[in-house]
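Input: a single structure, listed below in structure tokens.
Just so it is clear, none of the values below were taken in a lab; they were calculated from the coordinates. As the structure is a prediction and not an experimental result, all values here were calculated from the model. Here the Cβ positions follow ideal geometry from the backbone for every residue, glycine too, while neighbour counts run over all protein chains shown.
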Amino acid sequence: MYSRYIQRQVVGIGNRRYSTLLPWVVSGTVKSRKIVKANDCFIYTKDKRFIDFTSGLMVVNLGHNNKYILEGFKEHAATGISYINSLFETDQREKLSESLVEVSGLENGKVFYTNGGGDANETAVFLAHEYQNTVNFNNKKQRILTFEKSFHGGSTIGATLLSGDERKKPKTNHYSLPFESIIPNPLQFDGGLESLKQLAILFQNNDVAAIIVEGSSGSAGCINYPVGYLKQVENICKHNKVLLICDEVMSGFGRTGSMFAYQQHQITPDIVTIAKGFTSGYVPLGGVIISKKIASIYDEKPFVHGLTYFAHPLACFIANKCMDLYLEDDQCIIGKVKQKGHLLGTLGRKMKDEIDIVKDYRNNGLLGCIELNITDTDKLAQISNNLMDRGVYCFRRNNLIFTAPPITVHNTHITETMETIARILNNAQWKP
Ligand SMILES: Cc1ncc(COP(=O)(O)O)c(C=O)c1O
């Protein structure tokens, strides 16, 4: 009886049975390809090669099959350490925390470790509330401001509700938390003035604990900040005793041409959240870097928050290996991202100029997206299928096709891939 029930439930394409519930899609309707190997910017099925032009989900910054990182697995295995609880320490954990504090510029700060980006952001909210209670003696400062078009995670209720865009809708029907408030994204044409005005209005009630911003906007549409905007946000936050949380989960670790994207705006956030490129996706690990003013609260009281896999020894080992590569030769790999991003942007804007269905192209370094003026979901799915048929994997969300290859990508691969994408999009059949 039970097995017949299962059989009915796990339907899939053709005769294939699926027992995995997939995130974000209708399980069983996706034609998933079985990947058997990966190298550099490429992933392979048994008989086809694809360029991984969105680094998985903007994760594999250092490319696949990096020998230096892979050596780390062997070196760590040789220690025999599988898991230890957080009251014990390893050299690797402390080394990693020290280098994160240093590269973030959050002088004398500390690092808390999580499994990924969503739980890092949820941790940041808790820290912000504690800070307002403990240091500003204000337990009314509970609200967290977030942009209308933003994404801060989907794995926890807190992170989901922090996100501004439509992906939170199904959960807002089930849960409501009193802390989130939406502000409009800044627009280029007014230098973000309207957004700043709204921000000032929201600060009037003196109930805002923090504002969370992506260091550089990612999956909600790569909406670039006008020059000087984040600096003004930082100033208003300081003036109103509001904390600035920078979500660098997608934009961190060289993706936009600096270690963290906020560093392009000459600001120093109070809290920085990280994941994805932190380990280049070789193992799951997230983290929260906090400034001294927040960290010092916990010199006297416990941080009542935690998770079993806090600072997992293998994950810390691999993250250190990635840090070695990011920092090598004066951040040489990251130093080349601006030039590669310039090439990507030039080719993207050319598509905008020449192809009817391309509404816009936006990027910051190697974090970019093509916005199409198509809404027909079948056509959009066909475009993705055509890209795959030509050996190009790009993550697509609705009418946004993301272009974010590993930061180790060669210029020739950027040019070839953008030309392939342009050829596919430049086709009368997609016109509305
Ligand atoms: C900016 C940003 N923050 C947080 C997250 C959530 O990270 P995770 O999926 O590791 O929970 C994402 C995921 O894409 C993200 O893009």
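What is the antiparallel percent of DSSP beta bridges lying wholly in the chain, to the nearest 5? Write out the running numbers ahead of the final one.
Details: 28 of 46 bridges.
So the antiparallel bridges in the chain amount to around 60 percent.
Could you sort 270-278, 413-421 so that the peptide with the highest average Cβ count within 10 Å comes first and the rest follow in order? Walk me through the numbers before you get to the answer.
Values: 270-278: 28.6, 413-421: 18.8.
Per-residue Cβ counts within 10 Å, averaged per peptide and sorted highest first, yield 270-278, 413-421.
Provide the net charge surrounding Ala209, with neighbours chosen by a C-beta distance below 12 Å and charges set as Lys +1, Arg +1, Asp -1, Glu -1.
On the way: positive: Lys140, Lys141, Arg143, Lys241; negative: Glu130, Glu180, Asp207, Asp270.
Neighbourhood net charge equals 0.
Which order, highest average first, do 65-77, 202-214 follow once you tally other Cβ atoms within 10 Å for each residue and take the mean per peptide? Don't skip to the end; give the middle numbers.
On the way: 65-77: 14.5, 202-214: 21.2.
In descending order of packing, they fall as 202-214, 65-77.
Rank Thr146, Thr20, Thr156 by mean-square fluctuation in a GNM of the chain with C-alpha springs under 10 angstrom and give only the top-ranked residue.
Among Thr146, Thr20, Thr156, the largest GNM mean-square fluctuation belongs to Thr20.
Name the residue, out of His410, His64, His129, whose mean-square fluctuation peaks in a Gaussian network model built on the chain with Cα pairs under 10 Å.
Of His410, His64, His129, the Gaussian network model singles out His410 as fluctuating most.
Got a sec? Charge dipole of the stretch 68-330, +1 on Cβ for Lys and Arg, -1 for Asp and Glu; which of His239, Gly257, Leu100 is way out at the positive end?
Positive-most Cα among the choices belongs to His239.
Please give the net charge around Leu96, taking every other residue with its beta carbon less than 13 angstrom from that of Leu96, where Lys and Arg add +1 and Asp and Glu add -1.
Numbers: positive: Arg93, Lys95, Lys110, Lys321; negative: Glu89, Asp91, Glu94, Glu98, Glu102, Asp324.
Net charge in that neighbourhood comes out at -2.
Determine, for each peptide in 296-309, 49-62, the mean count of other beta carbons within 10 angstrom over its residues, then list the peptides with the highest first. Mind dumping the intermediate values first?
Values: 296-309: 11.6, 49-62: 22.7.
Ranking the peptides 296-309, 49-62 by packing returns 49-62, 296-309.
Hand me the trypsin sites (Lys or Arg not before Pro) from the stretch 139-222 located in a DSSP loop with no more than 14 other Cβ atoms within 10 Å, in residue order please. Before the final figure, lay out each step's value.
Numbers: sites: Lys140, Lys141, Arg143, Lys149, Arg167, Lys168, Lys171, Lys197; in loops: Lys140, Lys141, Lys149.
Those satisfying the criteria are Lys140.
Which one of Lys338, Lys352, Lys46 has the biggest mean-square fluctuation once the chain is modelled by GNM with Cα springs under 10 Å?
Lys46
Return the lysines within reach of Lys48: Cα separation strictly under 16 angstrom, same-chain partners fewer than 8 residues apart disregarded; answer none if there are no such residues.
Qualifying lysines at Cα under 16 Å: Lys31, Lys34, Lys37.
Could you work out the percent of alpha carbon pairs in the stretch 68-330 separated by over 26 Å, rounded to a whole number? Could you put the intermediate results ahead of the total?
Details: 13366 of 34453 pairs.
When every Cα pair of the stretch 68-330 is considered, 39 percent fall beyond 26 Å.
Report Rg (one decimal) and Dmax (nearest whole number) for the stretch 223-317, counting Cα atoms only, units Å.
For the stretch 223-317, the Cα radius of gyration and maximum Cα-Cα distance read 15.2, 42 Å.
Give, as a single signed number, the net charge of other residues whose beta carbon lies under 14 Å from the beta carbon of Val392, with Lys and Arg counted +1 and Asp and Glu -1.
Numbers: positive: Arg33, Lys48, Arg49, Arg390, Arg396, Arg423; negative: Asp52, Asp389, Glu416, Glu419.
The answer is +2.
Can you grab the distance from the C-alpha centre of the stretch 263-334 to the C-alpha centre of the stretch 227-262, Å, no decimals?
Comparing the Cα centres of the stretch 263-334 and the stretch 227-262, I get a distance of 16 Å.
Just need the relative contact order of the chain here, percent rounded to a whole number, with Cα pairs under 8 Å and 6+ apart. Let's see the in-between values first.
On the way: 818 pairs, mean separation 87.1, N = 432.
It comes to 20 percent, rounded to a whole number.
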